[in-house]
Each structure stands twice: as C-alpha cells, then as structure tokens.
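Peer 1: To start, I am sharing the structure in question, which I have written as structure tokens.
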Amino acid sequence: MGRVSDAKVRLMDAVLELLWTGSYGSTTIDHICERAGVKKGSFYYFFNSKADVAVAALDTSFQARRVELDAMFSPSVPPMERIRKYCEFGYLLQVEMKAKFGYVLGCPLFTLGAEVCTQEQAVGAKIQEILEYKARYFETAIRDGHAAGVFHAPDAAAKARVVRAYIEGLLTQARIQNDLEILREMSEGVFAMLGVRSVSAVAI
C-alpha cells in the first residue's frame with residue numbers, strides 16, 4: 001500500500017513540475033509517467049486523464065500551501081506585515097525556482113490558467129477556486145488595515161482584486177523576461193496602491 005500511495009504522489013508532483021516549467025499542451029501522460037518513474041498502467045489506476053491528475057495535483061498542492069498562508073495571514077499578524085510576508089515569500093520562491101530550473105517561472109496558476117481556461121473546464125474551475133480562496137486572504141488583510149488606519153481602502157474587495165492583478169502581472173512579466181529584479185518592486189507597489197505613505201521600511 002505504501003508503494004501505491006507513493007506512486008500517486010510522484011505522479012502529482014511530476015505533473016505540477018512539468019506544467020510549471022513547460023506547458024499543458026506539451027505535457028503528455030508519457031512525460032508525466034517518465035518524470036514520476038511510474039508505469040503508464042499505474043497512472044490509469046489513479047487517474048483517468050491528464051486533466052484529472054492536474055486537478056488532483058493542484059488541489060493537493062494548495063491544501064498543503066494553505067498551512068503557510070494561514071500562518072502568514074493570521075489575524076494576529078499586523079495587516080501590513082501579512083502582505084509584506086506574502087510578497088517576500090513570492091520573491092524567494094521565484095529565486096529558488098530559478099536556481100533549480102534556470103528560469104523565473106512566475107505563478108503556476110496564471111500560467112496554466114491562461115493556457116487552458118477555454119479548453120479544460122475542470123482544470124480551469126480548480127484554478128479559479130484556488131485564486132478566489134487566495135483573494136480572500138488579501139481582502140481580509142486590506143479590510144483590517146483600513147480599519148486600523150494603515151491603508152486607505154474603503155472597498156477592500158475591489159482593492160484586493162487590483163492588488164492581486166498587480167502581483168500576478170509582475171510574476172508574469174518576470175517569467176517572460178526571466179528577470180528576478182522585476183519582483184523586487186512587489187511590496188513597494190502594493191503598499192503604494194494601498195495608500196501607505198512610506199514603504200522604504202517594508203520593501204523587499
């Protein structure tokens with residue numbers, strides 16, 4: 001049973017890596033099995049299709065990441081610090097990925113979502129679900145910051161959408177240009193959007 005469980009995990013890890021470093025269209029089930037070191041018959045024991053394993057991998061990965069996000073965006077953490085920590089975490093993750101793969105990879109959800117949203121409904125729906133969940137972290141932090149007088153954001157939901165679009169735009173630009181320096185602007189830009197007068201003390 002242990003070996004079976006390990007094979008499923010390796011398949012999900014493999015598809016996430018292949019989709020993030022390459023594309024959905026260029027990734028085949030054969031590629032996934034080869035990267036995972038799993039026979040094709042075992043793939044079909046766990047999953048019905050490439051879309052099926054992609055959805056499962058995205059969900060499993062996000063459930064694991066939620067532990068970090070919950071800590072990062074805990075109500076006990078000051079609102080500005082929550083967002084600063086997220087920006088710093090995002091930057092350091094991209095540094096790690098570039099060191100491992102040689103490229104800035106950007107956001108896997110936006111990279112994959114932009115490719116498959118009109119083709120694979122199940123994958124697109126899972127990506128939207130995760131993005132909406134992540135947006136609530138920002139909305140809460142911004143609402144708390146506005147109530148505390150730290151941010152100027154009367155409409156926290158609208159401001160959260162703008163902030164998320166800015167962050168994802170930077171990540172996409174950094175991927176396209178393969179340039180980590182673009183991401184150093186992240187926290188400074190976010191705090192400017194939120195009406196923070198001085199950002200030098202919190203910029204990455």
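Only the coordinates and a few stated rules stand behind these numbers; no lab work does. Worth saying up front: this structure is predicted, and the values here are computed from it rather than measured. Glycine also receives a Cβ, built like all others from the backbone with ideal geometry; neighbour counts cover every protein chain displayed.
Peer 1: In the stretch 39-58, which residues are out of contact with any Lys or Arg (no Cβ under 6 Å at 6 or more places or on another chain) and either in contact (Cβ under 8 Å) with a residue 60 or more places away in the chain or of a type in the set (Val, Ile, Thr) (or both)?
Peer 2: Once the filter is applied, which keeps residues that are out of contact with any Lys or Arg (no Cβ under 6 Å at 6 or more places or on another chain) and either in contact (Cβ under 8 Å) with a residue 60 or more places away in the chain or of a type in the set (Val, Ile, Thr) (or both), the stretch 39-58 yields Ala51, Asp52, Val53, Ala54.
Peer 1: Further, regarding this structure: I need the full set of residues from the stretch 123-169 which are surrounded by 14 or more Cβ atoms within 10 Å (Cβ to Cβ), touching a residue at least 12 places away in the same chain (Cβ under 8 Å) and closer than 30 Å to Ser26 by Cα, in order please.
Peer 2: Val123, Lys126, Ile127, Ile130, Leu131, Lys134, Ala135, Arg164, Tyr166, Ile167, Glu168
Peer 1: Tell me, yes or no, whether the stretch 24-40 has at least one residue that is under 25 Å from Gln177 (Cα atoms) and either in a helix (DSSP H, G or I) or β-branched (Val, Ile, Thr) (or both).
Peer 2: Yes, the stretch 24-40 contains a residue that is under 25 Å from Gln177 (Cα atoms) and either in a helix (DSSP H, G or I) or β-branched (Val, Ile, Thr) (or both).
Peer 1: Sticking with this one: Please verify whether Glu68 is among the acidic types (Asp, Glu) and under 24 Å from the mean Cα position of the chain (by Cα), treating the condition exactly as stated.
Peer 2: yes
Peer 1: Hey, among the residues in the stretch 170-201 that are small (Gly, Ala, Ser) and in a helix (DSSP H, G or I), which one's surrounded by the fewest Cβ atoms within 10 Å (Cβ to Cβ)?
Peer 2: Only one residue tops the list, namely Ala192.
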